[in-house]
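The values are calculated or read from the model by the stated rules, or taken from the named source; none is laboratory data. Fair warning: this is a prediction, and the values are worked out from it, not measured in the lab. With ideal geometry, Cβ positions are generated from the backbone for all residues, glycine too; neighbour counts draw on all protein chains shown.
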Number of protein chains: 2
Amino acid sequence: MNTASGLTYAILGTGALGGYYGACLQKAGLEVHYLLRSDYAHVKQHGLIVETPDGDFRLPQVNAYQSVQDMPRCDVVVVALKTTQNHLLPDLLPPVVKDEGVVLVLQNGLGVEAAAAAIAGAERILGGLCFLCSNKVGPGHIRHLDYKKIAMGEYSATGAAVGITERLRRIAADFEQAGIPIELAADLVLARWKKLMWNIPFNGLSVVLNATTQEMMANPDSLALAEALMREVMQGAAAQGRAIAPEFVQTMLVHTAEMQPYRTSMKIDYDEQRPLEVEAMYGSPLRAAQAAGVQLPQIQTLYQQLRFLDAQNRSSQRQD
Amino acid sequence: MNTASGLTYAILGTGALGGYYGACLQKAGLEVHYLLRSDYAHVKQHGLIVETPDGDFRLPQVNAYQSVQDMPRCDVVVVALKTTQNHLLPDLLPPVVKDEGVVLVLQNGLGVEAAAAAIAGAERILGGLCFLCSNKVGPGHIRHLDYKKIAMGEYSATGAAVGITERLRRIAADFEQAGIPIELAADLVLARWKKLMWNIPFNGLSVVLNATTQEMMANPDSLALAEALMREVMQGAAAQGRAIAPEFVQTMLVHTAEMQPYRTSMKIDYDEQRPLEVEAMYGSPLRAAQAAGVQLPQIQTLYQQLRFLDAQNRSSQRQD
């Protein structure tokens with residue numbers, strides 16, 4: 001096991017995801033600073049509680065902040081906001097990134113690092129895909145249910161694969177020390193498309209069909225539709241020069257069938273009437289494919305349905 | 001105005017559609033016999049009430065039957081059941097069609113005449129598309145809201161256009177006399193595809209998006225999706241050798257925008273937890289296009305979503 005790197009971490013967005021990873025890092029001995037919004041007062045006073053199959057723990061004292069102006073500059077700034085909050089980054093990032101620091105964007109979707117790159121410079125951006133099943137069940141109270149791995153890689157403005165750098169290894173070592181398995185992604189764009197293989201069918205269909213993963217896997221029509229959507233994701237990846245082996249479809253389906261019945265993150269956002277991450281997860285991959293002359297009509301259908309449902313969900317017009 | 005033809009009519013399915021057209025025919029002096037199920041006792045005693053913008057009317061005495069065994073054989077047997085009930089036709093049709101009689105299938109979708117043709121012979125089948133906005137609001141109580149035209153044509157087993165026959169004109173004249181505008185369709189398959197131009201986008205999306213026509217027209221994403229689905233319907237029609245002019249898309253959209261906010265028939269079926277006419281309206285057109293080597297991926301997406309929602313809707317598993 002590595003010893004702590006001495007890197008300092010800022011967590012922008014201390015929810016089910018940022019709160020979980022931040023708490024794990026802190027528990028492992030790293031210096032972590034948390035930006036909070038609604039939970040600030042509670043967490044400042046009571047700290048964080050993490051329920052996890054790995055063994056529940058409590059951090060009575062955490063470095064909690066209500067504003068980035070009060071935070072120290074950190075070596076690694078973890079963006080753990082929803083992509084629908086990325087318009088806040090111009091205000092959030094500059095005060096908190098060290099001159100030689102990096103920004104680790106832990107968000108789903110494609111091209112989600114662009115917002116941070118425009119502020120901090122593409123050369124200081126890393127991206128990560130979290131395979132995490134975690135909920136925030138109360139202020140500063142996180143319930144980690146299953147999975148925790150992060151696939152992490154270097155970002156480049158062109159989308160070209162950067163390979164695995166020393167700084168990436170060093171950050172990965174901190175997470176590993178905190179008990180988080182890290183998959184080092186030499187090609188971040190490929191890692192993002194592979195994550196979309198699951199997210200595009202199951203997040204979107206869970207909202208449109210009002211269904212859990214178990215219900216979608218059990219019905220032959222939704223299962224066939226999920227498979228067809230995965231094949232379109234493969235076409236999108238191929239349009240960006242990324243080959244995903246056809247067998248990966250079956251791997252993902254077997255994996256999903258073995259999961260506990262699961263309400264996807266997009267379904268949770270929908271049920272809570274929060275904005276859906278439609279652009280990061282659907283709009284951006286569709287535009288990337290279209291730019292290469294490839295149409296993905298089934299994903300396009302789901303995309304426009306989700307945009308409609310998202311708009312209705314957040315207006316007062318919805319009747320049900 | 002023509003005088004009554006002397007043809008006798010049987011109405012199989014005395015609901016919002018069959019009840020309305022049957023009552024109009026009877027009011028115009030024609031002999032009409034109605035098959036009823038749940039409303040039989042009420043209608044036998046009280047007759048039919050029709051509210052309509054053309055002037056409400058009541059028929060205190062109607063020829064009501066609970067079983068086709070009790071009905072006289074008729075010249076024109078109007079199939080006004082949902083397509084999901086077509087498995088009943090082998091029992092319903094034989095006792096009620098005259099030897100020289102015809103069967104007029106007033107159903108949406110493609111290939112819906114095949115069930116009747118298998119029983120009565122393809123040469124005795126007519127098909128009709130109803131442009132009707134009508135609800136059954138109580139036993140024997142029909143509320144006609146808007147539209148009433150029927151596009152009517154001769155069926156052929158091969159799908160070839162038959163042209164306009166004398167018997168078709170004679171039946172059309174009866175409906176015209178009853179105040180129902182008739183469009184004589186020389187090519188029934190073309191007429192069916194044209195009706196699908198509206199039904200495929202708006203019926204399906206109204207269920208998946210839980211939306212009225214007005215809501216779908218007002219949102220740019222659902223509107224664009226409806227247009228794209230219409231273009232796929234055109235491709236399906238073309239695969240069967242039927243050319244629909246591209247301008248027809250705009251005609252339909254303008255028409256839909258001018259309609260009163262409308263809950264589609266499929267949405268009503270869904271809300272009432274009745275079976276959806278998914279196969280007639282989606283499965284059959286998809287299979288017809290596929291047989292000609294044409295894939296319609298956006299319609300395919302909607303089809304599989306609807307099959308899932310229909311199955312969930314009629315099981316006890318649905319959670320909302």
Would you point out which residue out of A:127, A:101, A:121 is touching a Cys at 6+ places or on another chain (Cβ under 9 Å) and not assigned by TED's automatic domain parsing to the domain that holds residue A:203? A:101
Please find, among B:143, B:170, the residue that is over 24 Å from residue B:259 (Cβ atoms) and not in a loop (DSSP other than H, G, I, E, B). B:170
Do the conditions hold for residue A:235, that is, is it under 22 Å from the mean Cα position of the chain (by Cα), surrounded by fewer than 24 Cβ atoms within 10 Å (Cβ to Cβ) and either of a type in the set (S, T, N, Q) or outside the structural domain of residue A:271 (by TED's automatic domain parsing) (or both)? no
Read through the list (1) in contact with a Leu (Cβ under 6 Å, 6 or more places away or on another chain); (2) closer than 23 Å to residue A:100 by Cα; (3) part of a loop (DSSP other than H, G, I, E, B), then give the number of the only condition that residue A:9 fails. (3)
Long-range neighbours under 9 Å by Cβ, at least six apart or interchain, first residue over 18 Å from residue A:8 (Cβ atoms) within the stretch A:95-109, second in a strand (DSSP E or B) and aromatic (Phe, Trp, Tyr): none
Among all residue pairs at least 6 apart or on different chains, which show Cβ distances below 9 Å where the first residue, located in the stretch A:267-284, is within 12 Å of residue A:309 (Cα to Cα) and in contact (Cβ under 8 Å) with a residue 40 or more places away in the chain and the second is hydroxyl-bearing (Ser, Thr, Tyr) and outside any helix (DSSP H, G or I)? A:267/A:212
Of the residues in the stretch A:208-227 that are small (Gly, Ala, Ser) and surrounded by 17 or more Cβ atoms within 10 Å (Cβ to Cβ), the one that is nearest to the other protein chains (Cβ to nearest Cβ) is A:222
Being among the β-branched types (Val, Ile, Thr) and surrounded by fewer than 15 Cβ atoms within 10 Å (Cβ to Cβ) is the requirement here; does residue B:137 meet it? yes
Which one of A:54, A:39 is at negative phi, of a type in the set (Asp, Glu) and surrounded by 18 or more Cβ atoms within 10 Å (Cβ to Cβ)? A:39
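Let's see how each residue does on (1) more than 9 Å from chain A (Cβ to nearest Cβ); (2) closer than 29 Å to residue A:212 by Cα:
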| site | (1), (2) |
| --- | --- |
| B:250 | yes, no |
| B:265 | yes, yes |
| B:271 | yes, yes |
| B:282 | yes, yes |
| B:289 | yes, no |
| B:293 | yes, no |
| B:300 | no, yes |
| B:304 | no, yes |
Assuming residue A:157 fulfils every condition listed in (1) farther than 30 Å from residue B:205 by Cβ; (2) surrounded by 22 or more Cβ atoms within 10 Å (Cβ to Cβ); (3) aliphatic (A, V, I, L, M) apart from one, which condition is it? (2)
Answer yes if at least one residue in the stretch A:166-185 is farther than 28 Å from residue A:48 by Cα, within 14 Å of chain B (Cβ to nearest Cβ) and modelled with pLDDT of 95 or more, and no otherwise. no
